[in-house]
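The values are calculated or read from the model by the stated rules, or taken from the named source; none is laboratory data. These numbers come from a predicted model, not from an experiment. In this analysis, Cβ positions are derived from the backbone assuming ideal geometry, glycine residues included, and neighbour counts consider all displayed protein chains. We work out accessible area using only protein heavy atoms, side chains counted, and drop any ligands, DNA or RNA first. Shrake-Rupley method; radii C 1.70, N 1.55, O 1.52, S 1.80 Å.
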Amino acid sequence: MKRLLLMRHAKSSWKQPVADAMRHLNERGTRAARAVALELELMDLEPDLVLASNATRCRETWGEMTRRTRWMNEKRVKDVKYLSEFYGIFDRPATEQIFLSVQEHAREDHESVLCLGHNMGWELALDELVGPRGRRSCGSPLEMNTADLFVLECALDSWDDVFLSRGRWAVRQTIRSRELIGEEKR
């Protein structure tokens, strides 16, 4: 059994006139990233490998997630890769790039891989990963707001088989950051 933790970066700021890839998290994004990490820790779902976009807001999301958890203090998450390939997938499903990156970077002893990126690519990938049957059984919309995380599982023996898994992933848990920090969707 393999697990993908599919997460959209936390809320970023539009206040500074910087390039899109250079935007920093805002205060809500910082709180949300920490809250999601604590929830994962409570659920004992720490990733073995983190594959994240190299955009500033993704780097900061992961950085904030590690500040309040035992993961980095105990050096438990050893493999973190920031990938330029994860940035810029806004208008199509990111599924192919996620699969390519997982296949390239995941070792067989990695049971759980966190993929941290951007919408719409991540939300469209989520839809492709679970397929029609998964959408029906999920019980909640496959909408991915900032700092939302979906825990997906698939009966794979090896990450080498990830390309055969489209439509076979099951949503085991949905973490909605706004619920954790007590904010309503606007």
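Brief remarks follow.
- Integer Hz, Karplus 6.51/-1.76/1.60 couplings in order for region 161-171, x for Gly and Pro: 8, 4, 5, 8, 9, 4, x, 10, 7, 10, 7
- 3J(HN,Hα) along region 114-128, derived from phi through the Karplus expression 6.51 cos²θ - 1.76 cosθ + 1.60 where θ = phi - 60°, amounts to 8, 10, 10, x, 10, 8, 7, x, 6, 5, 5, 5, 4, 4, 5 Hz, with x in place of Gly and Pro.
- 0 to 90° range, to nearest 10: angle between helix 27-42 axis and the chain longest Cα axis: 40 degrees
- Across the chain, the mean sequence separation of Cα contacts (distance under 8 Å, 6 or more residues apart), normalised by length, yields a relative contact order of 31 percent.
- Peptide packing: for 83-92, 29-38, the average count of neighbouring Cβ atoms within 10 Å per residue gives the ranking 29-38, 83-92, highest mean first.
- By accessible area, using a 1.4 Å probe on protein heavy atoms only, region 33-186 has 45% of its surface on carbon and sulfur.
- Surface exposure of region 1-75, expressed per residue as accessible area with a 1.4 Å probe, stands at 47 Å².
- A DSSP coil position with no more than 16 other Cβ atoms inside 10 Å describes the following trypsin sites (Lys or Arg not before Pro) in region 86-146: R107.
- Each of A94, G134, L25 was placed along the dipole of the chain (beta-carbon charges, centred on the mean Cα), and the one lying farthest toward the positive end is L25.
- Distant-in-sequence amide H partners of R23 (H built 1.01 Å from N, under 5 Å): T56, R57
- The helix-based estimate of mean residue ellipticity at 222 nm for the chain, built from -39,500 (n - 2.57) per DSSP H run of four or more residues and divided by its residue count, is -10500 deg cm²/dmol to the nearest 500.
- Pairs of lysine residues in region 1-113 that meet both criteria, 8 or more places apart or on different chains and Cα atoms under 23 Å apart, total 4.
- Scanning residues 5 or more positions from D79 or on other chains, those with amide H under 5 Å from its amide H are V50, with H placed 1.01 Å from N in the peptide plane.
- The charge dipole of the chain, taken about the Cα centre with unit charges on the Cβ atoms of Lys, Arg (+1) and Asp, Glu (-1), comes to about 680 debye, rounded to the nearest 20.
- Under Karplus coefficients 6.51, -1.76 and 1.60, residue-wise ³J(HN,Hα) of region 51-57 in Hz, glycine/proline x: 10, 10, 4, 7, 4, 3, 5
- Interchain or long-range residues, amide H under 5 Å from D148's placed H: R8, S177
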